[in-house]
1. Tell me which residues, restricted to the stretch 95-154, are crowded, with 19+ Cβ neighbours inside 10 Å, at positive phi and modelled with pLDDT of 95 or more.
2. Quick one: how many residues across the stretch 39-62 are part of a helix (DSSP H, G or I), buried (at least 16 other Cβ atoms within 10 Å of the Cβ) and either without any contact (Cβ under 8 Å) to a residue 24 or more places away in the chain or not hydrophobic (A, V, I, L, M, F, W, C) (or both)?
3. Give the residues of the stretch 63-77 that are buried (at least 18 other Cβ atoms within 10 Å of the Cβ), over 19 Å from residue 108 (Cβ atoms) and of a type in the set (A, V, I, L, M, F, W, C), sorted by residue number.
4. When you look at residue 197, is it at pLDDT below 90 and on the phi < 0 side of the Ramachandran plot, yes or no?
5. Tell me which residues, restricted to the stretch 84-118, are assigned to a helix (DSSP H, G or I) and free of Cβ contacts under 8 Å to residues at least 12 places away in the same chain.
6. Any residue in the stretch 1-25 that is on the phi > 0 side of the Ramachandran plot and free of Cβ contacts under 8 Å to residues at least 60 places away in the same chain sitting within a Cβ distance under 7 Å of a residue that is part of a loop (DSSP other than H, G, I, E, B) and not polar (S, T, N, Q)? List the pairs, counting only those 6 or more apart or interchain.
7. Assuming residue 155 fulfils every condition listed in (1) in contact (Cβ under 8 Å) with a residue 60 or more places away in the chain; (2) touching a Gly at 6+ places or on another chain (Cβ under 9 Å); (3) not in a helix (DSSP H, G or I); (4) not charged (D, E, K, R) apart from one, which condition is it?
8. When the residues of the stretch 2-38 are narrowed to those that are in a strand (DSSP E or B) and not β-branched (Val, Ile, Thr), which ends up farthest from residue 51 (Cα to Cα)?
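The values are calculated or read from the model by the stated rules, or taken from the named source; none is laboratory data. Since the model is a prediction, treat every value here as computed from it, not as a measurement. Here the Cβ is made from the backbone with ideal geometry for all residues, glycine too, and neighbour counts use every protein chain on show.
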Amino acid sequence: MNNIKDTVTVITGASSGIGAESARYIASQGGIVVLIARNEQKLIKLADEITAQGGRAVYMTADVSSADEMQHVQTFCREKYGKVDNLVNNAGLMLFSYWKDAVLADWNKMVDVNIKGYLNGIAAFLPGMVENNSGTIVNMSSVVGMRTGEGAGVYSATKFFIAGMTESLRKEVGTKHNIQVAMVSPGTIDTGWADKVTDENGSILAKEVNSQASIKSSAIASAVVFILNQEKGTSVNDITVAPTSQNW
């Protein structure tokens with residue numbers, strides 16, 4: 001069974017990690033991938049890699065926190081392909097910090113990318129899916145969107161938001177417009193996320209968490225492909241993928 005072949009999938013945060021690996025997997029199944037991120041050099045490299053292996057990939061630089069830029073992506077896809085079959089809302093920031101340190105700049109960055117970025121993606125691509133009475137939306141969440149802990153308060157809250165948003169989408173556009181809506185919640189992933197935490201205390205905690213157990217992005221990419229490969233009318237609601245040794 002291959003329900004991915006010839007479909008058009010937009011992937012945000014596609015320049016590295018889970019997004020890049022998902023793009024590789026989808027392209028290997030014959031799907032067309034539209035790679036979205038801010039780092040053009042990484043996007044070019046990934047698109048060239050996929051194309052060299054016989055896949056189909058195009059890229060656009062865009063900041064998901066900008067509604068206008070995501071609408072521009074939608075216009076590009078409509079003009080080039082006529083439709084978008086799948087949206088993988090994947091772009092995200094995980095910046096650990098303690099509440100007492102009030103790292104407001106990091107908090108705002110996570111709200112802009114992890115919440116507004118997902119909403120902007122949905123605002124751009126959902127109307128076309130409703131019009132076609134077809135489509136799949138995959139929202140990338142986290143295990144801390146189900147249970148939170150020390151140092152992950154704002155990041156965790158953004159993922160709780162995604163869980164609520166996904167459930168509402170499923171009940172509204174899933175049941176009424178035949179749109180498959182799914183959420184993937186990874187555990188600790190070896191994507192280099194801990195190195196991006198700039199707050200001193202948060203960085204110490206992030207590296208400690210990441211050193212305990214982690215899995216590769218390919219495990220999450222496999223889950224994304226599993227969701228996209230379902231028959232129309234069949235939805236995979238929520239998938240949690242975590243290291244076997246992770247006990248939280």
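1. 135
2. Summing the residues that are part of a helix (DSSP H, G or I), buried (at least 16 other Cβ atoms within 10 Å of the Cβ) and either without any contact (Cβ under 8 Å) to a residue 24 or more places away in the chain or not hydrophobic (A, V, I, L, M, F, W, C) (or both) in the stretch 39-62 gives 2.
3. Once the filter is applied, which keeps residues that are buried (at least 18 other Cβ atoms within 10 Å of the Cβ), over 19 Å from residue 108 (Cβ atoms) and of a type in the set (A, V, I, L, M, F, W, C), the stretch 63-77 yields 73, 77.
4. yes
5. Hits for the stretch 84-118 are 100, 104, 105, 108.
6. If the second residue must be part of a loop (DSSP other than H, G, I, E, B) and not polar (S, T, N, Q), the pairs left are 6/30.
7. Failing condition for residue 155: (3).
8. Across the stretch 2-38, the extreme among qualifying residues is 37.
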